Amino acid sequence: MRMDKDILKTPATDVEQILKTALTELGSTKNLDALNDWRIRYLGRKGIVIQLKRSISKLPEKERPKFGQVINETSKTLEEQLMKHETKISSSNDTSVSDDIDITLPGIPINNGSLHPITQTIREICESFSSMGFEIIEGPEVELDYYNFQMLNIPKHHPARDGFNTLWIDKQDDEGETPMLLRTHTSPMQIRTMEKQDPPVRMIVPGKVYRYEATDSSHEWHFSQIEGLAVDQGITFADLKGTLYEFARKLFGDDVKVRFRCDYFPFVEPGAEMAIDWNSRTGDNNKEENWIEILGAGMVHPKVLKAVGYDSNKYTGFAFGIGVERISMLKNNIDDIRLFYNNDVRFLSQF
Ligand code: DAH
């Protein structure tokens, strides 16, 4: 505590200095308690301002009015500043208000969008395979003929190329061929992966693919696939079936019915397609079974294994390619694939 009385005793009491000190001290008070101490010290019944006022009578008569005026002004300034500072402190750290805040209340929702339904489905499919130990890999959308076709046992002029309605990149090699294209499927990543790593391989590849096709309710010229590949010693068709059945159960529920039928893809032997019975999902048991194909699959062709330098007598594997839009349409009851890519907020905001 300052020696107030001593200050006042000095004949040349510098009121200006007292005011300055008072305001500095006021400025450094951080809470209401400190502020109250300050008020008592300067403006209290026994405070400095009162003592200054009392000292007036000790002055020579002609100095009194001027001194009195200075003290009144000082007192007024201190009162005003006190009020201002009090408001400032109360609004910044008013503990009584912060105690009232219930931090367990949920926040006010902000409508900041959601993931595209295809992204959501891709994530769900990836999640189901990574829980079975598959690694997730991505690859280029602009691909070489070499990976998209040749290494997958689809040489130049092979009739299977017709089925892929390829969008070619307009660039010619020495023989006048166009070696680059927009990948027509995610299968080329099988080759790129096996070229880089020895067995065992267990990976999936989500990504976009492109085909030069007219669009309608079930076709788009670009769509998404998830490729899968597992290669190791002793892998059989039973592993293929078991893995894909497990995937179907994770996505569509434990009671899903699946059906495998023969199919042809040049890079697998034997090849198959897997369908699910949609009525078993919707609970509509009165209707006939309604099988919907959701993926192609098969045992990796020995020619493909040999092409990447794997010993096809030692290693076997299975591969599959899942159509993502199909699955999202089935899961979300969407009847037109084009809705995914129209960017209509009324559609997208439902997911
Ligand atoms: N790539 C095929 C397609 O786009 C799908 C496919 C079928 C992928 C069988 C596979 C497979 O890996 O084994 O039509």
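The values are calculated or read from the model by the stated rules, or taken from the named source; none is laboratory data. Note that the structure is predicted; figures quoted are calculated from it, not measured. Heads up, the Cβs are rebuilt from the backbone with ideal geometry, glycines too, and the neighbour counts pull from every protein chain shown. Each accessible area value is taken on the protein alone, full model and side chains, heavy atoms only, with ligands, DNA and RNA left out. Shrake-Rupley method; radii C 1.70, N 1.55, O 1.52, S 1.80 Å.
Taking the longest Cα principal axis of the chain as reference, the axis of helix 64-92 is set at about 20 degrees. Counting only DSSP beta bridges with both residues in the range 117-348, the antiparallel share comes to about 95 percent. Relative contact order, whole percent, for the range 5-92 stands at 36, derived from Cα pairs under 8 Å and 6 or more residues apart. Between the amide H of GLU135 and those of ARG202, MET203, ILE204, distances stay under 5 Å, these residues lying 5 or more places away or on another chain, with hydrogens modeled in the peptide plane. Of the candidates ILE204, ILE226, ILE56, which one comes out as most mobile in a Gaussian network treatment of the chain with C-alpha springs shorter than 10 Å? Judging by the Gaussian network model, the answer is ILE56. Normalising the average separation of contacting C-alpha pairs (under 8 angstrom, six or more residues apart) by the number of residues puts the relative contact order of the chain at 14 percent. For ALA272, the residues whose amide H sits under 5 Å from its own are ASP263, ALA297, GLY298, ignoring neighbours fewer than 5 places away on the same chain, with H placed 1.01 Å from N. Ligands, DNA and RNA left out, the 1.4 Å accessible surface of the range 153-280 is 48% carbon and sulfur atoms. Cross-link reach is defined here as a Cα-Cα straight distance under 20 Å, omitting same-chain residues fewer than 8 places apart; for LYS88 the aspartates and glutamates meeting it are GLU25, ASP33, ASP37, GLU79, GLU80, ASP99, ASP100. Exceedance of the 28 Å cut-off in Cα-Cα distance is limited, within the set LYS20/LYS66; LYS30/LYS58; LYS58/LYS84, to LYS30/LYS58; LYS58/LYS84. Distance from the C-alpha centroid of the range 22-93 to that of the range 206-238: 82 Å, rounded to the whole angstrom.
Count of lysine pairs in the range 117-348 with Cα atoms under 20 Å apart, counting only pairs 8 or more residues apart in sequence or on different chains? Value for the range 117-348: 15. Roughly how far apart, in whole Å, are the Cα centres of the range 151-181 and the range 287-326? If we compute the Cα centre of each part, the gap is 22 Å. For the range 99-140, the residues whose backbone nitrogen is under 20 Å from a point 7 Å from the Cα of LEU32, taken along Cα to Cβ, are 99-102.
The magnitude of the dipole of the range 198-293, with charges of +1 and -1 set on the Cβ of Lys/Arg and Asp/Glu and taken from the Cα centre, is near 180 debye. For the range 298-344, the convex hull spanned by the alpha carbon atoms encloses 109 Å³ per residue.
Residues of the range 34-73 with amide nitrogen under 19 Å from the 7 Å Cα-to-Cβ point of HIS85? Zone members listed by number: 34-52, 71-73. The angle between the Cα long axis of helix 15-27 and the longest principal axis of the Cα atoms of the chain comes to about 30 degrees, rounded to the nearest 10. Counting only alpha carbon atoms, the long axis of helix 117-130 and the longest principal axis of the chain meet at about 70°.
Taking only the C-alpha atoms of the chain, the Rg (one decimal) and the largest Cα-Cα distance, Dmax (whole number), read 40.6, 122 Å.
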